[in-house]
Amino acid sequence: MMSTKALPGVPRWAVLAAHAVPLVTLPSGLWRLALVAGLPVTRDAGWNAMGVGESVYVVSLSVVSELLAFLTLGLVRPWGEVLPRWMPFLGGRRVNPAAATGAALAGVAGLCAIAAWGAYAAYADLGPAIPSTPAQDALLAVCYAPLLAWPVLLAAVAVAYHRRRRDGGRRGPAGGGTRQYGAGRPSASSWV
């Protein structure tokens, strides 16, 4: 069985979804790296078709997208609640749940906007035409299609993180996550 270092109280589905995010971003990154390496993913692939600046941009895009995908693991791992001690200036501090959830949901909005723009650009035939064979088009679709799951998985894990952190790890009967009315509120005597 797969061993994960998730926090107690994190639903198994959220752990699996968080671990799936870096995997769904991997094929598109590998396709971009193959393009830079000159492998035949398009008809004019290779160093001749791409300058050094473009190559650096494409590799950087792959690395940054994979690093951002790995941040999803913080929503189910201990470093998503308390920053690691090795981090300068911030190490050992608690992560603000609202900030982490807000950043994750902003990422979801950004990914949805990118997907919407990509769909519109493809429909409106914007951008340069990339000469390719039907097999190369199919490879591109297979490599980029998993990216559509990224915002869905991230949103689900972010909502689970928010609920878990809001509840303070308290779970109701049968792990349902229900709370009693008024739980976590000051008593009436403290209002006076």
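Tabulated data for the structure shown
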{"quantity": "Estimated inter-spin distance, residue 98 and residue 64, nm [label 7 Å along Cα→Cβ]", "calculated": "2.9 nm"}
{"quantity": "Label point distance in nm, residue 121-residue 13, each placed 7 Å from Cα along Cα→Cβ", "calculated": "3.4 nm"}
{"quantity": "³J(HN,Hα), Karplus 6.51/-1.76/1.60, whole Hz, each residue of the stretch 99-104, x for Gly, Pro", "calculated": "5, 5, 5, x, 5, 5"}
{"quantity": "Potential lengthening between residue 54 and residue 105 on full extension [0.36 nm per residue; Cα-Cα distance subtracted]", "calculated": "15.4 nm"}
{"quantity": "Label-point separation, residue 34 to residue 133 (7 Å along Cα→Cβ), nm", "calculated": "1.3 nm"}
{"quantity": "Euclidean distance of C-alpha centroids, the stretch 49-97 and the stretch 123-149, integer Å", "calculated": "27 Å"}
{"quantity": "Whole-Hz ³J(HN,Hα) from phi, Karplus 6.51 cos²θ - 1.76 cosθ + 1.60, for the stretch 122-128, glycine and proline x", "calculated": "5, 5, 7, 6, 8, x, x"}
{"quantity": "Under 15 Å, Cβ to Cβ, from residue 16 - net charge with Lys/Arg +1 and Asp/Glu -1", "calculated": "+3"}
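No value in this document is a laboratory result; all are computed from the given coordinates. Because the structure is a prediction, the values reported are computed rather than measured. Counting neighbours? That spans all protein chains shown, and the Cβs are built from the backbone with ideal geometry, glycine included.
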